[in-house]
Amino acid sequence: MTEILKEVTTRKSDESDLKIRDIVVAVDLSSHSEKTAGYAAELAKSLRATITLVHVFAPEAITEFTTETIHESYEEQRRSAERKLTGLAEKIQETGSDCNTQFRIGDPADEVSRTAFSLNADLIVTASHHPSFLARLFRADQAPRILHSAPCSVLVYHESTKIW
């Protein structure tokens with residue numbers, strides 16, 4: 001019995017239940033997602049973890065009527081989003097956190113989950129923007145979708161607001 005207790009105690013002291021080394025942060029580049037990234041940066045610093053900011057750009061709807069003007073607008077929006085993502089990463093790095101970026105094109109929940117899987121992430125941090133029933137019905141809030149497809153734990157950040 002003493003040997004079993006010694007083995008369990010030794011194993012417990014060698015293994016940490018909370019090993020979070022790689023954190024994926026889903027950002028849509030809104031002010032709320034910037035606050036989410038800041039929160040994740042503080043968490044990462046306390047855990048000595050690395051952050052990867054992931055922004056997923058929705059693909060252009062392709063039709064036979066797509067004009068060159070629409071395509072240019074799409075390209076400009078994509079480049080603008082890439083610049084904003086880089087700027088956000090620079091802000092996070094200024095806090096002392098190790099921060100990388102991934103710019104993806106596709107379905108946000110799928111791409112965030114794929115990124116977490118490919119990086120072998122320990123945690124995904126995301127924000128919930130649209131708590132209303134209609135927003136969930138029309139899939140405007142990606143947090144529940146990420147939660148259901150994630151290969152790791154998910155932390156959903158809610159900005160503190162006073163209710164009363």
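The values are calculated or read from the model by the stated rules, or taken from the named source; none is laboratory data. Small disclaimer: the values here were computed from a predicted structure and weren't measured. Cβ atoms come from the backbone with ideal geometry, glycine included; neighbour counts cover every protein chain shown.
Given the criteria modelled with pLDDT of 60 or more and outside any loop (DSSP other than H, G, I, E, B), does Glu3 qualify?
no
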Q: Please enumerate the residues belonging to region 120-152 that are hydroxyl-bearing (Ser, Thr, Tyr) and either in a loop (DSSP other than H, G, I, E, B) or modelled with pLDDT of 90 or more (or both).
A: Thr126, Ser128, Ser132
Q) All but one of (1) under 24 Å from Leu155 (Cβ atoms); (2) at pLDDT 80 or above; (3) of a type in the set (Ser, Thr, Tyr) hold for Ser16; which doesn't? A) (2)
Q | All positions within region 92-119 that are in contact (Cβ under 8 Å) with a residue 40 or more places away in the chain and assigned to a helix (DSSP H, G or I) | A | Ile92, Pro108, Ala109, Glu111, Val112, Thr115, Ala116, Leu119
Q: Being touching a residue at least 60 places away in the same chain (Cβ under 8 Å) and within 17 Å of Thr86 (Cβ to Cβ) is the filter; apply it to region 41-57 and report the residue that is nearest to the chain's Cα centre (by Cα).
A: Val54
